[in-house]
Amino acid sequence: MRNFFVNTLIVLITLSYFGFAKAEDKGKETEINLFTGKFDFSDDKQAANLFGIQHQNDELFRNSFLGKLSPITGVFLTENSALYLYTGAQVEYDLGLITITPSFAPGYYNYGDGKDLGSALEFKSEVQMSFNLSNSTELGMSYNHISNASLGDKNPGANSYMFNFLKQF
């Protein structure tokens, strides 16, 4: 139970850092991705509901040979008090009504009362598909795999799916 409170406190501190208010400088575009889904859905004994938030600053994007590359930072918490805090990069492919967004993010994982992934350092590979509802709102679904790349004592990995609500401010 103590882990749940510590992880919840970390999530609240992270959320207060991102903030939901519009920035004073109207030239900045911030995208917040709220998501919920199933952590490690492919393991019947360890599957758990999750919720999280991800921040992406559109002002920091770079056009590259890969596409529109931008940094991301996020956190999710499972019902078993597992916490994953990450930062990495995503590439956006805007196809009109649909946006495809693969990403990669190393991060800190604390398993709480959930699945032990073998290391505090884990790597998240994700692909997201979202539908553009308006100029500033998207609804999507994503799939990710978290693994420690065999850097830990064990490497069971975890597969998750999420439903995403993205909003630009």
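A short reminder: the numbers here are calculations on the coordinates, not readings from a lab. Here the structure is a predicted model, which means the values were calculated and not measured. Here Cβ is always computed from backbone atoms with ideal geometry, including for glycine, and neighbour counts include all displayed protein chains.
Here, P(r) means the percent of Cα pairs in each 10 Å bin from 0 to the largest distance; for segment 51-166 it is 14, 44, 30, 12, 1.
Summing charges over all other residues whose Cβ lies under 11 Å from the Cβ of ALA82, with Lys and Arg as +1 and Asp and Glu as -1, gives -4. With respect to the cross-link table entries LYS115/LYS167; LYS38/LYS167; LYS45/LYS167; LYS68/LYS115, which display a Cα-Cα separation exceeding 29 Å? From the list (LYS115/LYS167; LYS38/LYS167; LYS45/LYS167; LYS68/LYS115), the Cα-Cα distance tops 29 Å for LYS115/LYS167; LYS45/LYS167; LYS68/LYS115.
Listed values for segment 144-156 are Karplus-derived 3J(HN,Hα) couplings in whole Hz (6.51 cos²θ - 1.76 cosθ + 1.60, θ = phi - 60°), namely 9, 10, 10, 8, 9, 6, 6, 7, x, 5, 9, 9, x, and x replaces Gly and Pro.
The aspartates and glutamates within cross-link reach of LYS154, meaning a Cα-to-Cα straight distance under 15 Å and a gap of 8 or more places when in the same chain, are ASP116, GLU122. For GLY157, the residues 5 or more places off, or on other chains, whose built amide H falls under 5 Å of its own are ASN148.
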